[in-house]
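Data block below; observations after.
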Amino acid sequence: MTTTRTATGTTVLQATGVTMRFGGLTAVRSVDLTVNTGEIVGLIGPNGAGKTTFFNCLTGLYVPTEGTVAYKGTVLPPKPHLVTQAGIARTFQNIRLFANMTVLENVLVGRHTRTKEGLWSALLRGPGFKKAERESEERAMELLEFIGLAQKRDHLARNLPYGDQRKLEIARALASDPGLLLLDEPTAGMNPQETRTTEELVFAIRDQGIAVLVIEHDMRFIFNLCDRVACLVQGEKLVEGTSETVQSDERVVAAYLGTPFEGAPEDSAIEEVVAAEKAAHPDGTDSGTSTARPEGDDQ
Ligand SMILES: Nc1ncnc2c1ncn2[C@@H]1O[C@H](COP(=O)(O)OP(=O)(O)OP(=O)(O)O)[C@@H](O)[C@H]1O
């Protein structure tokens, strides 16, 4: 697979002031984000930062409390099928395949937004329907070739190894011929080899002219892959920039590692206490300051 970059250019996705409240909880607060053609953009942030909620706002699963989502300059109505029809496809954090359908059938399901034949045409199986069916199957097979699952077209989805199931989800998303693909933790649960293959696959998707926005916790994957990275913390966009900028930003490091709480003793104070304890108990007997969990404390 090639990893040649295509030129970045026009704006594909423009999210403006997206806010999502659940009762008293603001899961996403006034987030702006753009993705341009030819780009792979990463969305990172600690657990509960609002990444998936933001994806759900982009794809019409949630109606944002405030803000707009535009695709190629047109503001999208918050309805998943209209968002897909417009040109945005996604995968989910947890695999959502049709387990008892074949690999090919799963991809064909993803084609339905691009087939124009209606109910009567399908029931009567007229020439128009048969032609559309043939074209859909050809496109589905092209996609299976692309992701390397053509040989397994007749396998049931549930019998595929985990890494192949994740690939199949991506093929199904690509079946709607999107201009923007949203990937929610595509490497979750993968071994390093599978992660590397996924990285190559995402580059290849980008090289086909599809912009990509990806949520991921694997920082090595994100920083290798992305042209730009945005970091959400507690629903707000904390930092956005190149991989180099974001990975060296102290606020991002602090958000992941946790900032010291107010009033926490400084390192020098801790060292003083430890030294005093050692002096009082040079033989190493119990100092009473052990950090071991007390028996029966299972918090
Ligand atoms: N449908 C919902 N109703 C109420 N609260 C929700 C709902 N969906 C998400 N939340 C809350 O919104 C916040 C953001 O959750 P979200 O799943 O978007 O975070 P995330 O960054 O994707 O986390 P993770 O990395 O763990 O997947 C969390 O506090 C979560 O509990």
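Where a number appears in this text, it was derived from the coordinates with a stated rule and is not lab data. Remember, it's a predicted structure, so these values are computed and weren't measured experimentally. Please note: Cβ atoms are built from the backbone with ideal geometry, for glycine as well, and neighbour counts cover all protein chains shown.
Protection proxy ranking of 149-155, 188-194, by the mean of other Cβ atoms within 10 Å over each peptide's residues and highest first, is 149-155, 188-194.
Amide H to amide H, with H built 1.01 Å from N, V214 comes under 5 Å of V41, G42, L43, L183, counting only residues 5 or more places away or on other chains. With a simple spin-label model that places each label point 7 Å from the Cα along the Cα-to-Cβ direction, the separation between R134 and T102 comes to 1.8 nm.
Applying the Karplus relation 6.51 cos²θ - 1.76 cosθ + 1.60 with θ = phi - 60° to segment 48-57 yields 3J(HN,Hα) values of x, 6, x, 5, 5, 4, 4, 4, 5, 6 Hz, where x marks Gly and Pro. Within 10 Å, Cβ to Cβ, of E66, how many net charges do the neighbouring residues add up to if Lys/Arg are +1 and Asp/Glu are -1? In short, +2. Each residue of segment 157-163 is assigned a 3J(HN,Hα), and the resulting list reads 4, 5, 8, 6, x, 3, x Hz, derived from the Karplus form 6.51 cos²θ - 1.76 cosθ + 1.60 (θ = phi - 60°), x at Gly and Pro. At the listed q of 0.23, 0.25, 0.33 Å⁻¹, the Debye profile of segment 183-229, built from one uniform point per Cα, gives log10 I(q)/I(0) equal to -0.80, -0.95, -1.50. Over all other residues within a Cβ to Cβ distance under 10 Å of M20, the charged ones net out to +1, with Lys and Arg as +1 and Asp and Glu as -1.
The relative contact order of segment 7-82 comes to 37 percent, based on Cα pairs under 8 Å that sit 6 or more residues apart.
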